[in-house]
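Comments concern the structure below.
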Amino acid sequence: MVPKVPSAIGAAWRRLGLVMSPPGGALTNSHAMLPTPLVRNDRIRVYFTSCDADWRGRIFRVDFRRDDPRQIIDFDPAPVLDLGEAGGFDADGVNPSQIVERDGRLYLFYIGWQRHSADIPYTLLAGLAVSDDGGLHFERVSRRPMLAPRSGEEYFRTAPYVYRSETGWVMLYIGGGTFFTDAAGKRLPRYSLRHTASPDGFDWSGPSTELLSPDPAKGEIGFGRPVLWHETGCPAIMLSLRTETGYVLATRRLEPGGEWTPVLDAGTAEWEREMTCFGAPCMVGDQEILFYNGDRFGLTGFGAAVRPAQPSPGRPFEDRLVKHLAHLAA
């Protein structure tokens with residue numbers, strides 16, 4: 001059982017260590033990336049992607065004890081969502097991004113990737129799948145991407161995070177249409193944080209707006225999976241700041257003069273010495289649990305951190321946070 005720590009405003013996340021390594025096997029040869037939790041009454045189910053020997057990714061599930069996310073209850077070696085059809089936007093891999101419960105069903109917002117050429121190494125586009133058996137298996141809603149490519153976002157419309165608003169649904173996501181070559185000759189992407197809206201949560205064909213762009217002066221080239229959360233009673237956004245050398249998991253409060261701050265202090269464990277990324281926090285009783293990746297985008301697996309439940313800013317706060325980000329972008 002995870003020892004409880006006294007409740008404190010602004011309490012730091014306390015690392016629990018590496019909780020899931022790449023399982024090993026034909027379909028799970030490497031990586032355990034993009035951990036995405038679903039809290040149940042008797043367990044914490046975490047969806048993640050593992051890759052075969054050809055670096056093609058499928059989504060799997062692992063169940064942890066609610067009172068100790070270091071303890072695995074069950075792991076299913078069969079994927080809950082397999083590769084897409086040949087030539088499709090998700091033919092070479094699928095990554096989880098968010099799980100949403102709606103009308104008695106589970107919706108998996110996922111990232112599909114497809115390899116292309118030396119000049120355009122890959123594309124990342126968002127898809128949607130649904131489960132009617134409690135998340136044991138998912139079926140695609142469509143063979144086409146939920147976020148189709150568009151001008152300025154030809155290669156990336158990815159990492160969706162959705163929430164209900166007073167008028168429908170809103171999505172934060174990562175979008176872009178640029179690759180560049182770094183000093184070592186490697187092709188790297190450049191993308192920004194964007195948002196769009198939908199009247200029903202299924203049709204996302206409406207216009208999109210850029211909220212935050214990477215800051216070249218700080219060496220930034222993009223962001224990874226956004227999540228709306230809170231810090232000491234203040235709405236906040238958590239995402240991964242990407243530079244040419246990797247990611248750092250960071251958060252920014254909704255307040256004047258708010259700055260990006262690392263979510264975790266510098267890691268010393270071998271699996272997370274170079275980077276932290278792709279964080280996904282969740283509430284479990286009176287604790288908050290954060291699942292996240294370490295070095296090489298999850299090649300080393302994923303870990304967990306815990307802190308006491310922080311004061312809530314009250315809901316709905318998401319629209320206020322998006323308006324704040326839009327103000328920063330103006």
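The values are calculated or read from the model by the stated rules, or taken from the named source; none is laboratory data. Since the model is a prediction, treat every value here as computed from it, not as a measurement. Reconstructed Cβ throughout: ideal geometry from the backbone, glycine too, with neighbour counts over all protein chains shown.
Scan the stretch 48-64 residue by residue and report those that are touching a residue at least 60 places away in the same chain (Cβ under 8 Å) and within 21 Å of GLU85 (Cα to Cα). PHE48, THR49, ILE59 - these are the residues of the stretch 48-64 that are touching a residue at least 60 places away in the same chain (Cβ under 8 Å) and within 21 Å of GLU85 (Cα to Cα). So, GLU220, is that one at pLDDT 95 or above, under 16 Å from TYR122 (Cα atoms) and among the acidic types (Asp, Glu) or not? No; evaluated as a whole, the condition is false for this residue. What about GLY88, is it modelled with pLDDT of 95 or more, more than 15 Å from the chain's Cα centre (by Cα) and not hydroxyl-bearing (Ser, Thr, Tyr)? Criteria met by GLY88. Take the conditions (1) assigned to a loop (DSSP other than H, G, I, E, B); (2) closer than 27 Å to PRO37 by Cα; (3) of a type in the set (Ser, Thr, Tyr); SER205 misses just one of them, which is (2). Could you check ILE73 against (1) at pLDDT 95 or above; (2) buried (at least 17 other Cβ atoms within 10 Å of the Cβ) and say which number it fails? ILE73 satisfies every listed condition except (2). Among the conditions (1) modelled with pLDDT of 95 or more; (2) in contact with a strand residue (DSSP E or B) (Cβ under 9 Å, 6 or more places away or on another chain), ASP203 misses just one, which is (2). Cβ-Cβ contacts under 7 Å between residues 6 or more apart (or on different chains), taken from a first residue in the stretch 243-255 that is in contact (Cβ under 8 Å) with a residue 60 or more places away in the chain to a second residue that is of a type in the set (Asp, Glu) and surrounded by fewer than 20 Cβ atoms within 10 Å (Cβ to Cβ), are listed as GLU244/ASP182.
Out of the residues in the stretch 128-161 that are among the basic types (Lys, Arg) and in contact with a strand residue (DSSP E or B) (Cβ under 7 Å, 6 or more places away or on another chain), state the one that is surrounded by the most Cβ atoms within 10 Å (Cβ to Cβ). Across the stretch 128-161, the extreme among qualifying residues is ARG157. Where strands (runs of 3 or more DSSP E) fall wholly inside the stretch 36-91, the ranges with 3 or more residues that are hydroxyl-bearing (Ser, Thr, Tyr) are 44-51. Consider the stretch 184-202 and keep the residues that are in contact (Cβ under 8 Å) with a residue 12 or more places away in the chain and not in a strand (DSSP E or B). The one that is surrounded by the most Cβ atoms within 10 Å (Cβ to Cβ) is GLY201.
Being more than 14 Å from THR209 (Cα to Cα) and part of a strand (DSSP E or B) is the filter; apply it to the stretch 161-177 and report the residue that is nearest to the chain's Cα centre (by Cα). Checking each candidate, the answer is TYR161.
Being closer than 27 Å to LEU211 by Cβ and at pLDDT below 95 holds for only one residue in PHE291, PHE317, PHE302, and it is PHE317.
Filtered by the rule that a residue be under 22 Å from ASP90 (Cβ atoms) and among the hydroxyl-bearing types (Ser, Thr, Tyr), the stretch 153-207 gives TYR155, THR158, TYR161, TYR173, THR178, TYR191, THR196, SER198, SER205.
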